[in-house]
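Visitor: Here's a structure for you.
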Amino acid sequence: MAHLSGDEGLRAAFAEDRDVHRATAAEVFGVSPEAVTPDHRRTAKVINFGLIYGMSPFGLARNLGIERGAAQQYVERYFQRYPGVKRFMDETRAQARQIGYVETVFGRRLYLPTSARATRSCASTPSAARSTRRCRARRPTSSSAP
């Protein structure tokens, strides 16, 4: 994500060979990296992977066993600290809506369905894998399908 988004905070963490989950925990919880607890780090790890794969604040709350409002604050704080990630995810969603697919770093295209209703649903998540699973079931299997 650091490479794709170009986010300076994440790139710095990798360039300095820091534990990215510890660095995220420090940013999200507003503490020094030395003050990050194992629970902070675990939460940051769920946030890092969850947001990348399209987890909503509701899903994050359920996964962490916290209130939805607290999860929403974590998400907002994460995107405040890592604005490049937010920009990348927003741009990826917009591009998917416009051109009808997302592309992996290896060039594999994951096509979204053509119906307006399905396109809104599928393109609204940042996760290509999750979108593909949901959309594949809606996509006709041949070009002759109605």
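The values are calculated or read from the model by the stated rules, or taken from the named source; none is laboratory data. As the structure is a computational prediction, the values presented were derived from the model and not from experiment. When we count neighbours, we look across all protein chains shown, and the Cβ atoms used for this are built from the backbone with ideal geometry, even at glycine. Side chains are part of the model used for accessible areas, which takes the heavy atoms of the whole protein and leaves out ligands, DNA and RNA. Shrake-Rupley method; radii C 1.70, N 1.55, O 1.52, S 1.80 Å.
Visitor: Output ³J(HN,Hα) for the range 104-112: one whole-Hz value per residue in order, computed from phi by the Karplus curve 6.51 cos²θ - 1.76 cosθ + 1.60 with θ = phi - 60°, and x for Gly and Pro.
Guide: Ordered by residue, 3J(HN,Hα) equals 6, 5, 9, x, 6, 8, 10, 7, 9 Hz.
Visitor: Need the full-extension length gain, L4 to N63, defined as separation in residues times 0.36 nm minus the C-alpha distance. One decimal, nm.
Guide: Contour length minus the Cα-Cα distance gives 18.7 nm.
Visitor: Could you derive backbone 3J(HN,Hα) for the range 31-46 from the dihedral phi with the Karplus parameters 6.51, -1.76 and 1.60 (θ = phi - 60°), listing whole Hz in sequence and x where the residue is Gly or Pro?
Guide: Along the range 31-46, the couplings run 10, 6, x, 5, 8, 5, 8, x, 5, 4, 5, 4, 4, 4, 5, 5 Hz.
Visitor: Could you tell me what a quarter of the Cα convex hull surface of the range 1-89 works out to, in nm² with one decimal place?
Guide: Averaging across all directions leaves 5.1 nm² for the Cα convex hull.
Visitor: How high is the FRET efficiency from D39 to D17, r the C-beta distance, R0 22 Å, rounded to 0.05?
Guide: About 0.40, to the nearest 0.05.
Visitor: With every protein chain left in place and a probe of 1.4 Å, what is the accessible surface of D19, to the nearest 10 Å²?
Guide: In the full protein context, D19 sits at about 60 Å².
Visitor: Moving to a separate point now. Listed highest first by mean packing, meaning other Cβ atoms within 10 Å per residue, what order do 51-61, 26-36 come in?
Guide: Packing proxy ranking, top to bottom: 51-61, 26-36.
Visitor: Further, regarding this structure: What accessible surface, in Å², does a 1.4 Å probe find on K45, ignoring ligands, DNA and RNA and rounding to the nearest 10?
Guide: 90
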